[in-house]
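The values are calculated or read from the model by the stated rules, or taken from the named source; none is laboratory data. Quick caveat: nothing in here was measured; it's all calculated off a predicted structure. Cβ placement follows ideal geometry from the backbone for every residue including glycine, while neighbour counts extend to all protein chains displayed.
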Amino acid sequence: MVQYIVTPWRDHNELITARTQLYPGGGPPSDDTPDNLPWAAVYASSATRPTDQQRSEDDGLSSAVSRVEADQRLAVGRVQMWAHRGNCPHLVESTGLLVAVVLDDVDQSRRRRQQQRERLAASAQASSLSLSDFAVRAAYATAFSRFVTGLLDSQQDKQKKQSMYSLAKTIGLPATFVELRHQATHEQLPSLLKLRSAAKKALSWIWDFYWKGLPPADPSRGEMLQDGDRVGFPLLAGVTAGGDSRDEGSAELQLGTVLPVMSCEQVLLAYLQGKLDEATARHQLAQYDAAFIVKTTDDIGNSTKDIRTMTRALRLVGDMIEGTCPLITNRPPTSAGDASSSLGGEAARGGQQQQQQRSRGWVRRSKESWKPKPIGTV
């Protein structure tokens, strides 16, 4: 019997993309990296810096750090979304929590340096910094304790209880992790330097135990990159939309920008909202039947709450029926057939039928088609 595994991510490539964003350098930093140095600075220091003469090397490094941290925050948000969906592996969630705490610690350190530059009052500055340090320590301790406790509890046998040290030895978890977890839970909070070092070691251990062994991304399905994240869909590797040299109405594809793989409804909605250009939308819709495109567009117009999107959808349906819509004209016979000749009849026949066969649970009824009846009357 086939057993299905439900995952919170769309496909394996989305998981690999999250790994790439959480570990931008293809893995954790080396052990000799200072604990107080942000990961983003470590990764960005080896990256290519901008060559613009108006930008110094420090500005280039700062820009690279900002890009790395922005990608990490996107990955943390994605992991949080997976956790809300359910069935998210504990190590994936723990990675997101630890990276989120590290990013917050970096932001707090920057604010602290900014306060020192502004030379605030010594008493006010000391009180605010001590409170911030305590909050950061508590965040580190919570994320680290949750990582260790959840991991070891998942290895616990209900028939025979074992100590955390025994379970940690079984899976290769360092005993110092269990000791630090016990100290953070039952004793005084460890120092900030100790917690920073523990978080870095925990992320390195999670990489070796979980992330490192994942299969590579499938190039036929593509990965979710920055351009795709703008719309929110995965990208198809090797399929590109033309660059600046192409004509605006041309549907020919050239090497350049990778196209997102989107469903018919997603393509039409992005096109109506102005997120997709006409040539890209026409290429994405080439695999769908023209009548299905008309029905999907009509469904979007009837279900959306945005007046502008609704107006554009209704106008687009009219153009499709009249055969003047560029999205479905001049299409190959294999994908659309004689679309322009069949759209008018099908749309005219299926007006009310499409409303009833729509996959959504709620349908809009006009006052003419619905008549109230007393309760109990058939």
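Assorted remarks:
- Tally of residues being part of a helix (DSSP H, G or I) and farther than 16 Å from Ala143 by Cβ across segment 155-177: 10
- Within the option set Ala139, Ala143, being in a helix (DSSP H, G or I) and touching a Leu at 6+ places or on another chain (Cβ under 8 Å) holds for one residue only, Ala143.
- Condition check for Val65: free of Cβ contacts under 8 Å to residues at least 60 places away in the same chain, farther than 18 Å from Ser204 by Cα, of a type in the set (Val, Ile, Thr) and in the same structural domain as Ala141 (by TED's automatic domain parsing): yes
- Residues (farther than 15 Å from Leu98 by Cα and touching a Pro at 6+ places or on another chain (Cβ under 9 Å)) located in segment 185-209: Asp208
- Unmet criterion (only one of (1) in the same structural domain as Leu152 (by TED's automatic domain parsing); (2) modelled with pLDDT under 85; (3) not acidic (Asp, Glu)) for Pro219: (1)
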